[in-house]
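S.K.: Here's a structure for you.
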Amino acid sequence: MSMLRARRPSLLLCTVAAACGGGGGGGGGGTADSWSVRSSGLEGGTVQSLASDGGSTLYAGTGSSGVFRSTDQGASWAATGSGLPDAVVVPLGGTAAVSVLAVDPVTTARVYAGLLRGGVYVSTDSGGSWAAANSGLSDLDVTSLAIDPAVPATLYAGTIGNGVYRSANSGGTWAKRATGLTDQNVHALALAPSNASRLYAGTPSGVFLSTNSATNWSATGSGPSDVAVLVVDPFDPLTVYAGTPAGGVWKSTDGGTVWNSARTGIPNLHAVQDLTVDPVTTTTVYAALDGGGIYRTTDGGGNWSLVDTGLRFPDVERVLVHPLDPLRLVAATDGGGVFVSTDGASNWAPQNSGLAGGAVQALAVAPTAPSTMWAGTRGGAFVTTDGGATWSARNTGLLRWSVQAVAVGTGSAANVYVGTTGGGVFRSQDAGASWTASNSGLTSLDVYALAIDSGSPMTLYAGTRLGGVCRSLDGGDTWTAVNTGLGSLDVRGLAAHPTAAGTLYAATRSGMFRTTDGGASWAGVNNNLDDPVLNCVVIDPVTPTTIYAGTVNDGVYRSTNDAASWQRRTNGLSADNIVRLAVTPASPNRIYAVSPGDVDDDRNAGVYVSDNRGDNWTQLNTGLRPEASTAVVVDPVTSSAFVGTRGGGVFRR
């Protein structure tokens, strides 16, 4: 069995529709003090692990929403039952919750989940319920699991910092088995199916071997280091493949004594996330790459070729070959959910029905149709026309880009713009039915913010990473850089003045800047703004002299004099990293601030609300799963708030 390398927490930067946090969305609210999920149809998201029962049942472990099960080979999915602890199902810092899944090959209703920060959990009813199986293991970071196919009550767990553990009673109790394992950071475990006493462990120091069921370990020969994944030929216990974060694939045919590079055709700089051997034709091997899609070799690693037709998301976490039908493959992606191939990886198609919980990065409302709201996710663009009750994907022409910002036309709700990471700006003139790239003159294809000038629906601004601000006067047909006086080209938030045409604020990594002439010139407005590393900016729509800024390290700042000076407003605000802000249009005293967690402490993630323009804040996370919040928008009609989360979809209050 191969292992999924655990992701590090990442800082989600502010991305906006018109101003940080966008406008509003439709629909009613939940109770006054709790959130209710509004993610039906908002499918896909980050899938970190896969497992098959050998028949028609699949399991998918997600980054933030627990485990899902499909009983029809991935055609539809449903969340499994309760029992997984919130601290793991809801990873505030964005690390993988369910890092590995394994199914008992004999008693297939028994499923194991290896968790970061949570040890091992087991279900004996095909995911109907879960219980801890951690006696002797505690809540260690479990990265990998391996089951003895002949004696499935025997299983092994690889951990970060604590080596390998073995259980002889289906996870009832565990004992450490790390003698000779000089590197205790085990990123991968692979058991030889044809000789179950033989195990391989992948660590930052290379591959270790045990020939006596993990009782003793010894280092294998020189070759791969920092090994992230391992897989053994199902019929030959001496043939083993190793993958590394640097994109390397290594092969040994003598049990690890000699290793040889086997990566011809695999590009550099893409981490190998998974390796899988065809269970019938073992010279066919698949490699899942982080950002590089899926590669296949049919000659045992001699040559590799890309097989990603239809695979819209190149960040592939796991690839699984059906044990009885080697033409059927399942791929787990970071952002796009699950993809399935029925022709040996020649073609792929998404199969995410019911796999709810996209990683939402931006929310925006249609100004002329408040019940229509857009969500920008790592899996593309989604729209709701019923206030969030149901969502539909709108990705034709969007290719595989992660949507960071959304802006909806002020003249027509059919005109929608999205800013993406690596793909620039895309424009739709038919409410998302189709998209075309709109990048002529754009100085950077990493677009983190979009805003529409209040004076003309054809005038748009794009805030980019390292390209500053670009302006379009023709609805996105062409762009021109407008950076004179802009002290930083790393722009993370934009806010257009609601009534003064040509007035715009830019939140950058070096402070706040303002233009009053449509970007022809900028001036810094940073008096008393102690933290210049900004995430976002939003303007009070009723009193536009009042402006709010969200920072990376210092919470929220407010200005009441057109940004001439700022005051820190953090009483009750325990989070420092504020990535989104939203003002309630009908009651501007009420402001929402959201955080995915601080850079070095994710316990303060969630939503904060102020009813006095930021003077005091209260955390409001009841019902929010996960609490790592990344976007917020307020309905201008009902004043309901909608929050986008990292892996849990959208919630409404």
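The values are calculated or read from the model by the stated rules, or taken from the named source; none is laboratory data. The model shown is predicted, which means the values in this text are computed figures rather than measured ones. Heads up, the Cβs are rebuilt from the backbone with ideal geometry, glycines too, and the neighbour counts pull from every protein chain shown. The protein model used for the area step is the full one, side chains on, heavy atoms only, and it has no ligands, DNA or RNA in it. Shrake-Rupley method; radii C 1.70, N 1.55, O 1.52, S 1.80 Å.
S.K.: Placing +1 on the Cβ of each Lys and Arg and -1 on the Cβ of each Asp and Glu in the chain, which of V100, Y59, L473 has its Cα farthest towards the positive end of the resulting dipole?
M.R.: L473
S.K.: Related question: Convex hull over the Cα atoms of region 191-270, averaged projected area in nm²?
M.R.: On the way: hull surface 19.2 nm².
Over every viewing direction, the Cα hull of region 191-270 projects on average to 4.8 nm².
S.K.: In nm, to one decimal, how far is the modelled label at A523 from the one at T282, with both set 7 Å along Cα→Cβ?
M.R.: The modelled label-to-label distance comes out at 7.5 nm.
S.K.: May I ask which residue of Y557, V632, N589 lies farthest towards the positive end of the charge dipole of region 538-639, with charges of +1 (Lys, Arg) and -1 (Asp, Glu) on Cβ and the Cα centre as origin?
M.R.: N589
S.K.: Taking loop as defined by DSSP and a crowding limit of 16 other beta carbons within 10 Å, which chymotrypsin sites (Phe, Trp or Tyr not before Pro) in region 184-242 fit? Spell out each step's value before the answer.
M.R.: Details: sites: Y200, F208, W217, F235, Y241; in loops: W217, F235.
Answer by residue number: F235.
S.K.: Let me ask something additional. Determine the dipole magnitude for region 501-653: charges of +1 sit on the beta-carbon of Lys and Arg, -1 on that of Asp and Glu, nothing else is charged, the reference point is the Cα centre, and the result goes in debye to the nearest 20.
M.R.: Dipole magnitude for region 501-653 comes out near 380 debye.
S.K.: Just how large is the dipole of the chain about the Cα centre, in debye to the nearest 20, putting +1 at every Lys and Arg Cβ and -1 at every Asp and Glu Cβ?
M.R.: Dipole of the chain, to the nearest 20 debye: 300 debye.
S.K.: How large is the dipole of region 507-560 about the Cα centre if only Lys and Arg carry +1 and Asp and Glu carry -1, each at its Cβ, rounded to the nearest 20 debye? Walk me through the numbers before you get to the answer.
M.R.: Details: 3 positive and 5 negative charges, 15 e Å.
Dipole size: approximately 80 debye.
S.K.: Given a 1.4 angstrom probe, I'd like the percentage of the accessible area of the chain that is carbon and sulfur, rounded to a whole number. Show your work: numbers first, answer last.
M.R.: Numbers: 10060 of 20460 Å².
Exposed carbon and sulfur together represent 49 percent of the surface.
S.K.: Another one. Report the full-extension gain for the segment S456 to N268: residue separation times 0.36 nm, less the Cα-Cα distance, to one decimal in nm.
M.R.: 63.1 nm
S.K.: Hey, another quick one. If each of S222 and T390 carries a label point 7 Å out from its Cα toward its Cβ, how far apart are those two points in nm?
M.R.: Here the modelled spin labels are 6.3 nm apart.
S.K.: Stretch T179-S510 to full length: gain in nm at 0.36 nm per residue minus the Cα-Cα span? Display every interim value, and only then the final one.
M.R.: Values: separation 331, 0.36 × 331 = 119.16 nm, distance 5.14 nm.
Difference between extended and current length: 114.0 nm.
S.K.: Going by accessible area, probe 1.4 Å, with all protein chains left in place, what is the ranking of R569, R558, R117, largest first?
M.R.: On the way: R569 65, R558 25, R117 100 Å².
Final ranking, largest accessible area leading: R117, R569, R558.
S.K.: Quick one: ranking R328, R378 by accessible area, 1.4 Å probe, largest first, what do you get?
M.R.: R378, R328
S.K.: I need two numbers for the chain: Rg to one decimal and Dmax as a whole number, Cα atoms only, in Å.
M.R.: Values for the chain (Cα only, Rg and Dmax): 25.2, 75 Å.
S.K.: Excluding ligands, DNA and RNA, what is the solvent-accessible area per residue of the chain at a probe of 1.4 Å, expressed in Å²?
M.R.: Numbers: 20460 Å² over 653 residues.
Per residue, the chain has an accessible area of 31 Å².
S.K.: Here is a further query. Hey, what did the chain get for relative contact order, percent, Cα under 8 Å, at least 6 apart? Before the final figure, lay out the partial values.
M.R.: Details: 2357 pairs, mean separation 94.5, N = 653.
Result for the chain is 14 percent.
S.K.: Using the Kirkwood radius built from alpha carbon pairs, what does the Stokes-Einstein equation give as D for region 523-595 at 25 °C and 0.890 mPa s, in µm² per second? Spell out each step's value before the answer.
M.R.: Working: Rh = 12.1 Å.
The estimated diffusion coefficient comes to 203 µm²/s.
S.K.: Using alpha carbons only, how many angstrom separate the centre of region 221-295 from the centre of region 586-653?
M.R.: One Cα centre to the other: 43 Å.
S.K.: Could you please put D139, D531 in sequence from largest to smallest accessible area, using a 1.4 Å probe? Before the final figure, lay out the partial values.
M.R.: On the way: D139 95, D531 15 Å².
The ranking, largest first, comes out as D139, D531.
S.K.: Which of G114, N415, G441 sits farthest toward the positive end of the charge dipole of the chain, with +1 on the Cβ of Lys and Arg and -1 on the Cβ of Asp and Glu?
M.R.: Of the listed residues, the answer is N415.
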